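Below is one structure; the comments refer to it alone.
No value in this document is a laboratory result; all are computed from the given coordinates. Not measured: the values here are computed from a predicted model. Please note: Cβ atoms are built from the backbone with ideal geometry, for glycine as well, and neighbour counts cover all protein chains shown.
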Amino acid sequence: MDILLANPRGFCAGVKRAILMVENALKIYKKTIYVKHELVHNQYVITTLRQKGVIFVEKISDIPNNSIVVFSAHGVSKKTQEKALKKQLIILNATCPLVSKVHKEVSKASEKNIETIFIGHKGHPEVTGTIGQYNNKNSKIHLIESIEDINKLPIKQDNKKLNFFTQTTLSIRNTQSIIRFLKKKFPYISGPKKEDICYATTNRQNAIIKLSKITDMILVIGSKNSSNSNRLAELGKETGVFTKQIESFLDIQKKWIKNIKYIGITAGASAPEFLVKQVIEYLQKIGAENIKEVSGNQEKISFNIPKYLTLP
Ligand code: 0JX
Ligand code: SF4
């Protein structure tokens, strides 16, 4: 059996920035750091930070007044931000700049009374945070998850003040077909040139498609609540290649790899490379021979952390 590694895979710029912000904050403040929601959706990352003293909470009310709070990479709503300010918390905002960009657009639409349709997964923290940027009593933001939802929208077809935005970690294929239907039904709708799906999501989805053409099984490393990792596993399955999503090498079942000649490995944007290495080592122990990095889009993008969080 040979191992083929997808490229790019694993940490994106937003995740690297969020983790560095928390690690530096621990060193600079030498105090308990609270994080609103899981900083990124990966169990290994969360456990490691917890061991360093980070406390993860779902509600701002669970944080003592005057403490330090980090907003997760997925971002928060305006209401959450207000609650944190009321408690006089020191806010370190680790929202990915690409999510913040969508926040600004949604907020602008709200100020301008532009009715808005948001494509995303209900209950996902990024969706809650982005929808929570819209705060207008005279106009509305509507969440849709599928083409079927479009026909249920209480919006007039000839509405000329209508916008759409999307979650950053959606399936490119599904989202494009939703947008096509949206434009057909609402001819005056405007929105981003393509969609708001980020570069990292796009590149990892393209990389798994490439991997699927040269492998007979794919392992996707990523936690169950990671939207972008789930989309990778879904896409792997859609290509027809036997695909399994795992948290770590411990989830691998030997029966999966019986008779497999070329096994592909990829990792979601929140899954550390360390987990990929562990999977490779495990596969080598049970007989994998050659390892090849599949060529792919090189990612040069990086996001700065705030100056006050940089170490000397
Ligand atoms: O569930 P998501 O894919 O949005 O988040 P995850 O797995 O933490 O990935 C990195 C953060 C992405 C924000 O857009
Ligand atoms: Fe930012 Fe994209 Fe990474 Fe999300 S997946 S944190 S939007 S770069």
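For the reader, a short list of remarks on this structure follows.
- Using a Förster distance of 25 Å, the FRET efficiency for TYR199-THR48 (Cβ separation, nearest 0.05): 0.45
- Segment 167-266: chymotrypsin sites (Phe, Trp or Tyr not before Pro) in DSSP coil with no more than 12 other Cβ atoms inside 10 Å: TYR188
- Remark on ASP2: its backbone amide H falls under 5 Å from those of TYR262, ILE263, GLU289, a criterion applied only to residues 5 or more positions apart or on other chains, H modelled at 1.01 Å from N.
- Rough spin-label spacing in nm, given labels placed 7 Å along Cα→Cβ, for GLN176 and LYS137: 4.4 nm
- Amide H contacts under 5 Å for ILE144: PHE118, ILE119, GLY120, restricted to partners 5 or more places along the chain or on a different chain, H placed in the peptide plane at 1.01 Å from N.
- Each label point was placed 7 Å from the Cα along the Cα-to-Cβ direction; for ILE147 and ILE301 their separation is 2.8 nm.
- A simple packing score, the average count of other Cβ atoms within 10 Å per residue, orders the peptides 138-145, 215-222, 19-26, 282-289 as 215-222, 19-26, 138-145, 282-289, with the highest score first.
- Residues with amide H under 5 Å from that of SER72, placed H, sequence gap 5 or more: LYS36
- Pairwise FRET efficiency - TYR282 versus LYS31, Cβ, R0 = 41 Å, nearest 0.05: 0.60
- A helix-only calculation puts the chain at -11000 deg cm²/dmol for mean residue ellipticity at 222 nm, using -39500 (n - 2.57) for each DSSP H run of at least four residues, averaged over all residues.
- Segment 252-296-segment 203-245 distance, computed between alpha-carbon centres (Å): 13 Å
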